[in-house]
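The values are calculated or read from the model by the stated rules, or taken from the named source; none is laboratory data. Note that the structure is predicted; figures quoted are calculated from it, not measured. Here the Cβ positions follow ideal geometry from the backbone for every residue, glycine too, while neighbour counts run over all protein chains shown. What goes into the accessible areas is simple: the full protein's heavy atoms, side chains included, and nothing from ligands, DNA or RNA. Shrake-Rupley method; radii C 1.70, N 1.55, O 1.52, S 1.80 Å.
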Amino acid sequence: MAHLKVNPHPQSKKKKTKELNVYVLLLTTLVIAACATYLIPAGEYNKSVVNGRNVVVPGTYHTIESTPISLMDLISSIHTGLEEASPIIFFVLIIGGTFGILMSTGSIDALIFNLSRKLARKEKWLIPVMMMFFALCGALIGMAEETLAYIGILIPIAIALGFDVITGTAIVLVGASVGFTTAILNPFTVGIAQGIAELPPFSGIGYRIVLFIVMYLVSVWYIQRYAMKVKRDPSYGYYAEGKFETTTDASELKLETRHKLVLFAFLLNFVVLVYGVIKYEWYITEISGLFTLLGIVIAFLGKLPANQTVSAFMKGAGGLLSGALIIGVARAIVVVLTEGHIIDTFLYHASSSIQQFPPMLSALGMFVLQTFLHFIVPSGSGQAALTMPIMAPLADLVGVTRQTAVLSFSMGDGIGNIVFPTNGVLMAALAIAGIPWVRWIKWIWPLILIQFCIGAFSVILAQIFNYGPF
């Protein structure tokens, strides 16, 4: 992998702006939720089981005796939340560990370096091909933080071809965002959200593939159009002179036979996953087992020693530990609302306020809400764990399919990844590239507006054709 040296940011000596810590936010919300159980009337809907899933029965809401949360219940809720969310937490850690092994084989580094080198003299193909790579990584494996290492490779190549720093950065960030937004098989967003909504794992994939193509083409067009303007008039672009120094040992990044075998096994894994989910209705446990097997196979094909394999797995899982714990803490909020019997009260008032609107407008409202919620909960898996326990039954009440509710979440989450300053990956990428956030926003806001319109139209259309299975 290219070794990137980054000069200190010119403003690094200034007092740093305090960042919004997601744990502080969630714990504060947890306390507020506990206090709300003393102030908000308790109530509940009758529940029924339909085709193996729990649904609320519309028109059955009724108040019950208040059950406020005690201090002991409050401090115990985090453990309860972690326990209830344990299947999803371990699912995330196992997949993270497997991806850690994949990265340790050097196959991804070798692939991207060789692709970028072969495209170095074919500037018209650099943007669409490299963006497709990052988009697929975002759509299939939820690659986010891992993309930061590749900014140092793409920016010098972009500049050498007559483009600028923004072009090189956008290839990586926007490309991965396209994949995250449409989330074809993203286990950290759609995988978690569908599990909470009791939907079949990765169901509705056909529509998400169509949205992937649309979002990809629009994003490529936007970046390509800008890049060609810069090529015609370099003064139009943005440059960070002397910002990057790269030292790359090309021999270390040669795409060897073992790398090709690893990549083939990795792609074959997703074919088996889709087949298993459709044919045998695999769920989190079976999918986790499949990824565990994949880790063993790619370690063997990549010729990793046993100790290095274990270390790579632990490093990959450790990198997602914070996100996994966020899922548990977010679940604790749901535990407090549920035990305080006020979550149905929220559902009742929320559904009452939007029942006069057609279901497609309710779906649009969910999409808008999820987009802006990403500002305060920048973790996709954390946002899924926090919002889907409420959004899924709310969807039932207002006539929106649960699959559409999940789509509203994934689209809002993905778009927020490349615009909100609370997203750590975005801010880290901009710091590496030397692009001020304000400058980035000035450049990307038309694309964000286009993507937002596509997202809004997609959830409305999903509701019109009853995007399901339910």
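Axis of helix 107-118 versus longest Cα principal axis of the chain: the two differ by about 50°, to the nearest ten degrees. For the chain, the solvent-accessible area of protein heavy atoms averages 45 Å² per residue (probe radius 1.4 Å; ligands and nucleic acids excluded). Measuring r between the beta carbons of Ile464 and Asn46 and using R0 = 30 Å, the FRET efficiency lands at 0.55. Note on the stretch 110-242: semi-axes of the ellipsoid equivalent to its C-alpha gyration tensor, largest first and rounded to whole Å, are 31, 14, 12. Temperature 37 °C, viscosity 0.692 mPa s: under these conditions the Stokes-Einstein estimate for the stretch 72-136, based on its Kirkwood radius over C-alpha pairs, is 216 µm² per second. Which pairs break 27 Å Cα to Cα here: Lys315/Lys442; Lys118/Lys231; Lys122/Lys254; Lys279/Lys315? Table pairs above 27 Å Cα-Cα are Lys315/Lys442; Lys279/Lys315. Measuring only protein heavy atoms, the 1.4 Å probe finds Lys122 accessible over about 110 Å².
Around the amide H of Gln355, modelled in the peptide plane, lies no amide H under 5 Å away from a residue 5 or more places distant or on another chain. Only the Cβ atoms of Lys and Arg (+1) and of Asp and Glu (-1) were treated as charged; on that basis the dipole of the chain about its Cα centre amounts to roughly 1820 debye. Along the chain, the exposed loop sites are GluC sites (Glu not before Pro) outside DSSP states H, G, I, E and B with at most 12 other Cβ atoms within 10 Å, and the longest stretch free of them is 282-470. A simple spin-label model places the labels of Asp233 and Val274 4.4 nm from each other, with each point 7 Å out along Cα-to-Cβ.
Report, in whole Å, the centroid distance computed from the Cα atoms of the stretch 64-113 and the stretch 317-356. Here the two parts' Cα centres lie 15 Å apart. Given 20 °C and 1.002 mPa s, compute D for the chain with the Stokes-Einstein relation, Rh being the Kirkwood radius over Cα pairs; round to the nearest whole µm²/s. D, rounded to a whole number, is 92 µm²/s. Peptides 292-298, 349-355, 174-180 ranked from most to least packed, by the mean per-residue count of other Cβ atoms within 10 Å: 174-180, 292-298, 349-355. Ordering Thr257, Val334, Ala176 by the projection of their Cα atoms onto the charge dipole of the chain, which places +1 on the Cβ of Lys and Arg and -1 on the Cβ of Asp and Glu, puts Thr257 at the extreme positive end. Considering only alpha-carbon pairs that sit under 8 angstrom and 6 or more positions apart, the relative contact order computed for the chain is 27 percent.
With angles folded into 0 to 90 degrees, how steeply does helix 71-84 sit against the dominant principal axis of the chain? Use alpha carbons for both and round to 10. Helix 71-84 and the main axis of the chain meet at about 60 degrees.
Each residue was assigned an accessible area with a 1.4 Å probe, and for Cys35 the value is about 70 Å².
Between helix 402-416 and the chain there is an angle of about 40 degrees, using the helix long axis and the longest principal axis of the Cα atoms. Treating the stretch 23-89 as a set of equal point scatterers at the Cα positions, no solvent, please give the Debye-formula log₁₀ I(q)/I(0) at q = 0.17, 0.18, 0.20, 0.25 Å⁻¹. Taken in order of the listed q values, log10 I(q)/I(0) reads -0.88, -0.95, -1.04, -1.06.
Each helix, a run of at least 4 DSSP H residues, gives -39500 (n - 2.57); summed and divided by the residues of the chain, these come to -23000 deg cm²/dmol at 222 nm. Each pair of Cα atoms in the stretch 318-470 enters the Kirkwood radius, and Stokes-Einstein at 25 °C and 0.890 mPa s then converts it into a translational diffusion coefficient of 148 µm²/s.
For the chain, with all protein chains in place and a probe radius of 1.4 Å, 67% of the accessible heavy-atom surface sits on carbon or sulfur.
A quarter of the convex hull surface defined by the alpha-carbon atoms of the stretch 304-376 gives 7.9 nm² as the mean projection.
Taking the Cα centre of the stretch 242-394 as origin and assigning +1 to Lys and Arg Cβ atoms and -1 to Asp and Glu Cβ atoms, the resulting dipole is close to 340 debye. The calculated P(r) of the stretch 98-176, using every Cα pair and 5 Å bins from 0, goes 3, 16, 29, 28, 15, 7, 2, 0 in percent.
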